[in-house]
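First up is the structure itself, then whatever we jot down about it.
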Amino acid sequence: MRFAFIERYHSDRWTIALMCEVLEVSRSGYYRWLKRPASERKVVNQSLLEWLLKRADELKGAIGYRKLWKDAVDAGFICGLNRVQRLLQQAGYRANGAPKPGARRPAPEIVLPNVLARRFDVAAPNRVWVSDITQIRCQEGWLYVAVILDLYSRRVVGRSVGPINNAELVQEALRRAWAARKPVGKQLLFHSDQGVQYSAGPVRRWLARRKVQLSMSRRGNCWDNACAESFFAQLKKEWVKPLGLTTRAEMAGEVGYYCEVFYNEIRRHTKADNLPPADYEARQAMAG
């Protein structure tokens, strides 16, 4: 999984050496993995995906995955509907008539109370984390970004990106935040909106095992998660918009640089005594 992440998202700014160091894997192991012979399944999937995308291009993106699946079967491919849907989702394909992301939102598995209640001023690190997901348009389709902020300093403590908006996106951001911050779970409140990615069983169980208290915004009330919403507004205005349309890999690198370097270490934040979040935490730790 880590090697696949490096292969997908490394760029001039996020080098293979740096990503191997951050993900705690060896470069030699990565290159051995990279040179491994492709499995028969992967070769077949790649051939099927190339045919699907070519067919979709011929039809100007007018048909969805169900009709493309029938066309593939008629062309001689042995494949299931779910497999075609998964391959096209991973490639970021969306038919012209498909609803925009978020247009039809499924009901959350469970709705939790708004424990945070807009108390955004926090006196210590790792007491309140807030999280949200946004989407950024790229050349291949949407790139989804999940972030976790520590309200104490407004620092980005966890993030993940991917072509699919699902619970795994949240879990990856949580895993990275937990590894970086090592909080005491029973002292931590985790707040989000009511999205199905956050109410999903795997996410709730992951947090419950660590004794983290959960909180959710009221339905349709973005102000209950204003800090995370504000972060994404700044990301898009300050960084994403000037870039124009890029590839997913390029955008993933830019989002990573913005979060880890520019936002955390360079950009001053009014709620952090006009210091970058990382400097604010360091100064408060020395003072304490």
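Every number here is computed from the coordinates shown, using simple stated rules; none is lab data. The structure presented is a predicted model; accordingly, all values stated were derived computationally and were not measured. Don't worry about glycine lacking a Cβ; one is built from the backbone with ideal geometry, like all the others, and counts go over all protein chains shown.
Between GLY61, GLN90, VAL44, the Cα set farthest toward the positive side of the dipole of region 40-90 (charges on each charged residue's Cβ, about the Cα centre) is that of GLN90.
Which one of VAL145, THR134, MET216 is farthest out on the positive end of the charge dipole of the chain, using unit charges on Cβ (Lys, Arg +1; Asp, Glu -1) and the Cα centre as origin? In the chain, that residue is MET216.
Listed by chain and number, the lysines whose alpha-carbon sits under 16 Å from that of LYS182, ignoring those within fewer than 8 places in the same chain, are LYS211. Residue order for TYR257, TYR263, TYR31, fewest other beta carbons within 10 angstrom first, comes to TYR31, TYR257, TYR263. The charge dipole of the chain, taken about the Cα centre with unit charges on the Cβ atoms of Lys, Arg (+1) and Asp, Glu (-1), comes to about 700 debye, rounded to the nearest 20. A simple spin-label model places the labels of GLN234 and LEU23 2.8 nm from each other, with each point 7 Å out along Cα-to-Cβ. Note on LYS42 and GLU260: with the Förster distance fixed at 35 Å, the Cβ-Cβ geometry gives a FRET efficiency of about 0.65. Label zone of ASN114 (point 7 Å out along Cα→Cβ, amide N under 17 Å): in region 201-231 this covers 214-230.
The slack in the chain from ARG267 to LYS182, taken as 0.36 nm per residue of separation less the alpha-carbon distance, amounts to 28.2 nm. Label-to-label distance, MET286 versus ARG55, with points set 7 angstrom from Cα along the beta-carbon direction: 6.3 nm. Among the listed values (i) 7, 28, 32, 21, 10, 3, 0; (ii) 6, 25, 31, 25, 11, 3, 0, 0; (iii) 7, 31, 34, 18, 8, 2, 0, the one matching P(r) over Cα pairs in 10 Å bins from 0, in percent as calculated from this structure is (ii). The value of relative contact order for the chain, using C-alpha pairs under 8 Å at least six residues apart, is 17 percent. Here the 3J(HN,Hα) profile of region 184-192, calculated from phi with Karplus coefficients 6.51, -1.76 and 1.60 at θ = phi - 60°, is 8, x, 6, 9, 10, 10, 10, 10, 8 Hz, Gly and Pro shown as x. The value given for region 40-90 is a Kirkwood hydrodynamic radius of 10.8 Å, derived from the mean inverse Cα-Cα separation. For the chain, the mean residue ellipticity at 222 nm estimated from helices alone is -12000 deg cm²/dmol, where every DSSP H run of n ≥ 4 contributes -39500 (n - 2.57) and the total is divided by all residues, rounded to the nearest 500. Here, P(r) means the percent of Cα pairs in each 5 Å bin from 0 to the largest distance; for region 135-288 it is 2, 9, 16, 22, 20, 17, 10, 3, 1, 0. If you run the Gaussian network model on the chain, springs between alpha carbon atoms under 10 Å, then out of GLU168, GLU238, GLU265 the most flexible one is GLU238.
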